[in-house]
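To keep things clear, I will list the structure first and then write my remarks on it.
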Amino acid sequence: MLLVNERVAFLTWDAKEEGRMPGGPASRHSFNGRSKPQVVSGYQVAERHLHSFEVCCQRGQIGKAFSHLSLALCILPQIKEQYYARYLDIFERWSATVEENNGFQQAMTIFEVALTRYPESADIHHLLAKTLYRNGNIHEAWTYAVMAQKACTHDPNAQETRARLTNALVDRWHLPMLNDVNRNSVFKRAIEAAVNQGHGVVLDIGSGTGLLSMYAKQAGARAVYACEMDRFMCEMSGDILQANFDLPDIQVLSHHSNNLAVPTHIPERVSLVVSETVDAGLLGEHILPTLQHAWQNLLLPPQPALELSPQPEQPNPIQASSITNQNEGVTCPSPALFGKVIPQKAEVYIALISCDYISRQTKLRNSNLPFFQGKRVSAKLEEPYMSEKLSQVPGGFTLLSNWIPLTSINFNSLEDIERHLRGDVGRTIEIPCIKSGVPDAIVLAFDLYLNEDEFISTNPETCTTLWENAVYPIKDLPKVTASEVVELKFSCNGIIRLSVSSESTNEGDCANLSAETLMFLNSECTIDAFLSAAKQAAVNLKKQSKARAPDPFIVCDTAPFPIAGLSLQSEFPNCKLYIEEESVQQTLKEFNIDASLCEDLEDEVDVLFIWPLTKEGSLKDGLIKKLLMYRLMMAESCYVFPQTLDLVIGLINSPTLGSMTRVDDSNTCGIKIADVFNIVKTQHHLDAPLEALPHSAIIQDPIPVLRLSLTTADTEAAGCIQETRSSRSDSMLVLGGEIIQYTAEITIPEASVITGLPYWFILSGTSSAAHSESMDRADSVAPQALVSEFHVPSPAITLSSRGLDSPCNQSILMLEDPLRVARNERVTLKVNWREGVFGASVQSVQ
């Protein structure tokens with residue numbers, strides 16, 4: 001549909017049209033024997049559009065309704081406040097329809113119209129941020145999300161959208177890296193030494209914030225170029241440069257270094273390249289092809305080995321004198337005549353480990369599941385390895401072998417770089433075991449040498465850096481004994497790949513599942529709870545089976561793997577199973593099991609198994625809307641498990657978590673970064689294993705905040721929490737449903753600093769739905785009458801997402817600023833809940 005032309009000055013109506021306007025027929029005036037059209041006032045035109053808006057709303061014509069109301073607001077801007085909520089409602093529906101049917105660009109035209117009507121609307125900014133994010137425009141989306149969040153500081157929807165976009169905009173490893181004072185100081189010393197040796201023209205590849213570039217400039221480099229392909233990081237580094245230098249003589253190049261050329265982008269070849277384009281697996285950020293291009297196109301040639309005869313003069317734009325070693329009589333050309341790379345080299349080591357936490361994510365360990373008999377089930381990895389902070393994994397790890405040297409890479413040798421790119425270093429490696437156990441992974445660590453003397457280590461047993469380690473899961477190697485030798489395959493074509501030689505490569509007997517699905521299946525307490533619920537559901541279905549035949553039972557299972565639904569289907573062949581994930585549907589097809597998707601659900605649901613959580617420890621997106629949909633689809637006797645979800649919050653102090661949240665300038669060796677970079681500080685840590693995170697608990701007992709009914713989607717306060725409900729309040733978006741604020745006063749037992757609010761969930765359900773319904777009726781009638789042999793209470797089934805056997809980690813909401821508290825001080829916990837999205841804060845009681 002095309003929008004109505006908005007350039008309205010004068011509109012005329014024929015007599016028939018005017019007769020339908022409020023106020024009755026319009027008069028005509030003679031003009032040369034013809035009727036003279038009456039000029040209609042702007043107010044009348046607006047009134048006409050408002051009338052058409054109401055008619056279109058009643059008919060469900062949301063596109064026309066949006067156009068009419070937009071025009072009315074253009075003509076009569078004084079009615080904007082009166083129609084704001086209705087405009088937002090119709091705009092949200094119409095923009096979503098246009099995006100779905102006509103695409104992103106057409107949807108943007110709808111947003112342009114809306115923003116001309118309400119340019120300061122936080123709601124429209126919020127919707128625009130989500131639409132841009134959905135279509136991959138993260139930078140623009142973040143800008144609008146910040147505008148919405150600043151206008152609605154306490155709205156959980158605005159907070160969550162900004163937090164997600166912040167995490168998407170800037171890789172989270174920037175924060176611990178910038179706060180790693182050991183890493184920063186070693187790089188600073190190495191760069192200073194190189195510049196002092198005469199390497200005065202510097203190129204920083206993958207410069208990020210420009211920290212290493214600024215170290216070079218402070219050391220006295222004549223020219224510094226900072227190369228960064230991420231547009232947002234380029235803009236941020238420009239602001240950081242201005243905060244540190246009156247006249248920042250550092251040129252920021254918004255390109256990938258492989259696209260740089262001399263003299264197009266830089267006027268001369270450089271004598272020093274600094275780069276930290278390394279990851280947990282050392283080479284995963286393509287440092288080898290990057291340095292290969294640099295040596296071939298951007299760097300001066302490497303310094304040759306010393307010879308006893310004087311070297312011929314080298315042509316070079318940098319004028320520098322030679323240095324004579326008087327003791328040996330050897331003339332040494334100045335380092336300024338040659339190219340150099342920092343880091344200088346890397347020495348790589350590997351080891352075998354046993355680790356329960358890694359095992360639960362990468363292979364099926366629950367042998368009681370009949371659906372996977374004869375199948376080798378393991379994780380489906382997007383990359384050759386995972387990354388984990390091994391020194392902080394829940395339950396720790398056990399070394400089954402010593403650390404074995406794998407390879408050494410000289411970044412100052414083009415020949416060595418190309419050997420590792422061509423794959424010339426690959427080989428078979430034998431690793432002797434030093435302990436008995438089941439090998440769960442091959443892990444990699446490295447020493448990154450900045451020069452001959454100083455290095456950064458990622459060894460999880462000895463290092464102090466915050467870097468993670470590459471983890472190569474082992475799928476099905478049996479238990480090994482001490483002194484047993486395990487044979488590994490090592491290859492490197494620009495990235496390091498490791499595997500066990502004896503592992504099967506036959507894909508026919510292998511089923512690949514996501515890490516989330518494997519953690520769910522490996523959680524024995526969770527599987528036992530759902531299978532117990534399936535048994536009770538089976539009892540209910542048997543009671544209905546005669547009356548229902550031959551109609552199938554409808555079972556909906558939203559778990560990462562429908563273990564309970566499959567259990568019912570095996571007992572009732574006429575069950576029709578619905579699941580949420582298409583990837584799981586495909587896996588079931590490989591097992592010759594048919595399942596439909598919940599989005600195709602049309603019949604009433606007889607059994608509903610709900611899994612409302614993500615592996616990272618947060619609520620699933622759109623949970624409340626899904627619960628409301630399922631509520632409409634439930635049969636009268638529908639069995640639901642679990643029935644309730646409790647939100648629990650704790651208070652902690654964690655300096656480690658603080659270093660992953662915001663930059664502290666005391667860690668960056670004299671460079672001011674915090675004021676600029678902390679606009680993208682982390683507000684919401686997902687996937688944080690609380691038990692392994694170094695922290696201290698501020699209060700002994702965590703606080704139950706609210707209870708969500710998974711059958712009705714209603715919430716209620718838990719314990720002594722105070723509840724305030726409002727459809728609209730200050731600093732809140734109009735969109736998004738009812739706002740509920742939960743508050744509680746807490747006494748702090750000991751002086752401390754509150755930095756974060758970890759949260760988790762407790763899922764509960766009784767194994768008898770009928771008993772639950774009877775108890776609900778008993779509360780309002782006669783409780784004592786129901787205590788009989790016919791209503792024996794069934795044991796409740798409870799699952800916590802914080803348990804060691806849980807398929808979820810925890811998530812942590814960060815305070816805007818750490819709160820220092822005294823002993824016995826009273827603080828107020830505030831939680832704002834809005835349709836399954838929530839935010840939390842703690843303030844001192846005034």
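Over the alpha carbons of region 537-586, what is the largest minus smallest coordinate on each principal axis, giving the biggest first in Å?
If we take the Cα atoms of region 537-586, the spans are 35, 18, 14 Å.
Using a 1.4 angstrom probe on heavy atoms only, work out the carbon and sulfur share of the accessible area of the chain in %.
Ligands and nucleic acids excluded, carbon and sulfur reach 49 percent.
Rounded to the nearest 0.05, what FRET efficiency do THR109 and ILE434 give with R0 = 56 Å and r taken as the Cβ-Cβ distance? Could you check?
It comes to 0.25.
Using square roots of five times the C-alpha gyration tensor eigenvalues, list the equivalent-ellipsoid semi-axes of region 640-695 in whole Å, biggest first.
Gyration-tensor ellipsoid for region 640-695: 33, 14, 8 Å.
Per the Kirkwood formula on distinct C-alpha pairs, the Rh of region 543-618 is how many angstrom?
Hydrodynamic radius (Kirkwood, Cα only) of region 543-618 equals 13.0 Å.
In whole Å and largest first, what semi-axes does the C-alpha gyration tensor of region 562-686 yield when each eigenvalue is scaled by 5 and square-rooted?
Here the semi-axes work out to 45, 17, 13 Å.
Quick one: which residues, 5+ away or cross-chain, put their amide H under 5 Å from the amide H of LEU597? H built at 1.01 Å from N.
Correct list: ILE579.
May I have the pair-distance distribution P(r) for the chain, computed from all Cα-Cα distances with 20 Å bins from 0 and rounded to whole percent?
12, 35, 34, 14, 3, 0
Hull surface divided by four, with the convex hull built on the Cα atoms of region 703-744: how many nm²?
3.5 nm²
Rolling a 1.4 angstrom probe over the protein heavy atoms, how many square angstrom per residue are accessible across the chain?
Solvent-accessible surface per residue comes out at 46 Å².
Apply the Karplus curve 6.51 cos²θ - 1.76 cosθ + 1.60, θ = phi - 60°, to the phi angles in region 696-708 and return the couplings in whole Hz, x for Gly and Pro.
10, 7, 7, 10, 5, 10, x, 10, x, 9, 8, 10, 9
Cross-link list LYS188/LYS672; LYS217/LYS672; LYS543/LYS625; LYS380/LYS475: which exceed 19 angstrom alpha carbon to alpha carbon?
With Cα atoms farther than 19 Å apart: LYS543/LYS625.
On average over all directions, what projected area in square nanometres does region 143-191 have, based on the convex hull of its Cα atoms?
For the Cα atoms of region 143-191, the hull's average projected area reads 4.5 nm².
Quote the accessible area belonging to GLU452 in square angstrom, nearest 10, computed with a 1.4 Å probe and with ligands, DNA and RNA left uncounted.
120 Å²
Whole-Hz ³J(HN,Hα) for each residue in region 446-455, computed from phi via Karplus 6.51 cos²θ - 1.76 cosθ + 1.60 with θ = phi - 60°, x for glycine and proline: what do you get?
Once θ is set to phi - 60°, the couplings for region 446-455 become 8, 9, 9, 8, 7, 8, 5, 9, 10, 8 Hz.
Along each of the three principal axes of the Cα atoms of region 137-262, give the extent in whole Å, ordering the values from largest to smallest.
Answer, in whole Å and largest first: 55, 33, 28 Å.
Based solely on its DSSP helices, what 222 nm [θ] is calculated for the chain when runs of n ≥ 4 H residues each add -39,500 (n - 2.57) and the sum is averaged over all residues, nearest 500 deg cm²/dmol?
-10000 deg cm²/dmol
Kindly provide log₁₀ I(q)/I(0) values, in the same order as q = 0.09, 0.11, 0.17, 0.22 Å⁻¹, from the Debye equation applied to equal alpha-carbon scatterers of region 364-507.
Debye output, listed in q order: -0.34, -0.50, -1.16, -1.63.
Taking every pair of alpha-carbon atoms in region 792-831, what share in percent sits in each 10 Å bin, from 0 to the bin with the longest distance?
All Cα pairs, binned at 10 Å, distribute as 18, 27, 29, 20, 6, 0 percent.
Please turn the phi angles of region 75-80 into ³J(HN,Hα) values with the Karplus equation 6.51 cos²θ - 1.76 cosθ + 1.60 (θ = phi - 60°), one per residue in order, whole Hz, x for glycine and proline.
For region 75-80, the Karplus curve yields 7, 10, x, 5, 9, 4 Hz.
Only Cα pairs under 8 Å and at least 6 apart count here; give the relative contact order of the chain as a rounded whole percent.
11 percent.
Tell me, what is the percent relative contact order of region 55-108, built from C-alpha pairs under 8 Å that lie six or more residues apart?
29 percent
Within the P(r) computed for region 32-189, what percentage of the Cα pairs occupies the region above 30 Å?
The proportion of pairs with Cα distances above 30 Å equals 35 percent.
Using the alpha carbons of region 189-297, what is the convex hull volume per residue in cubic angstrom, as a whole number?
It is 103 Å³ per residue.
Take the Cα pairs of region 575-621, get the Kirkwood Rh, then feed it into Stokes-Einstein at 25 °C and 0.890 mPa s and tell me D in µm²/s.
It comes out at roughly 202 µm²/s.
Amide H neighbours of VAL605 under 5 Å, counting only residues 5+ apart in sequence or on other chains, H built in-plane at 1.01 Å?
MET634, ALA635
Run the reach check for LYS479 against lysines, Cα to Cα strictly under 21 Å, same-chain hits fewer than 8 apart removed. What comes back?
LYS363, LYS375, LYS435, LYS489
Per q in 0.20, 0.22 1/Å, what log10 I(q)/I(0) does a Debye calculation on the alpha-carbon atoms of region 439-563 return?
-1.26, -1.32
Can you say what percent of the DSSP beta bridges in the chain, counting only those with both residues inside, are antiparallel? Round to 5.
Within the chain, antiparallel bridges account for around 75 percent of the total.
Taking region 619-668, how much of its Cα-Cα pair set, in percent, is spaced more than 12 angstrom apart?
Of the Cα pairs, 80 percent sit more than 12 Å apart.
Evaluate the Debye formula for region 184-226 with equal point scatterers sitting on the alpha carbons, no solvent, and hand back log10 of I(q)/I(0) at q = 0.16, 0.27 Å⁻¹, in q order, two decimals.
One equal scatterer on each Cα of region 184-226 leads to -0.31, -0.90.
Based on the mean of other beta carbon atoms within 10 Å per residue, what is the order of 798-809, 715-726, 736-747, 271-282, most packed first?
Per-residue Cβ counts within 10 Å, averaged per peptide and sorted highest first, yield 271-282, 798-809, 736-747, 715-726.
Whose amide H sits under 5 Å from the amide H of ARG376, counting only residues 5 or more places off or on another chain, with H placed in the peptide plane?
Those qualifying (amide H under 5 Å, at least 5 residues apart or on another chain) are CYS510, ALA511.
Between ASP424 and GLU452, how many nm apart are label points set 7 Å from Cα along the C-beta direction?
The two pseudo-label positions are separated by 2.5 nm.
Could you estimate the translational diffusion coefficient of region 433-507 from the Stokes-Einstein equation, with Rh from the Kirkwood formula over C-alpha pairs, at 20 °C and 1.002 mPa s, in whole µm²/s?
This corresponds to a translational diffusion coefficient of 147 µm²/s.
How long is the gain from VAL753 to SER727 if the chain were fully straight, where each residue apart is worth 0.36 nm and the alpha carbon distance is subtracted?
This chain segment gains 5.9 nm when fully extended.
Quick one: if the Förster radius is 25 Å, what FRET efficiency do ASN102 and LYS625 give, using the C-beta to C-beta distance and rounding to 0.05?
0.60
Quick one: P(r) of region 352-440 from all Cα-Cα pairs, 5 Å bins, percents rounded to integers, in order of increasing distance.
3, 10, 14, 15, 18, 16, 12, 7, 3, 2, 1, 0
Using a Förster distance of 56 angstrom, determine the FRET efficiency expected from the C-beta separation of GLU582 and TYR43, and round it to 0.05.
0.55
I want to check the label-to-label distance for ASP805 and ALA482. Put each point 7 Å from Cα in the C-beta direction and report it in nm to one decimal.
Placing both labels 7 Å beyond Cα along the Cβ direction yields 3.1 nm.
The values are calculated or read from the model by the stated rules, or taken from the named source; none is laboratory data. Note that the structure is predicted; figures quoted are calculated from it, not measured. Please note: Cβ atoms are built from the backbone with ideal geometry, for glycine as well, and neighbour counts cover all protein chains shown. When the accessible area is computed, the model is the full protein with side chains, heavy atoms only, and any ligands, DNA or RNA have been set aside. Shrake-Rupley method; radii C 1.70, N 1.55, O 1.52, S 1.80 Å.
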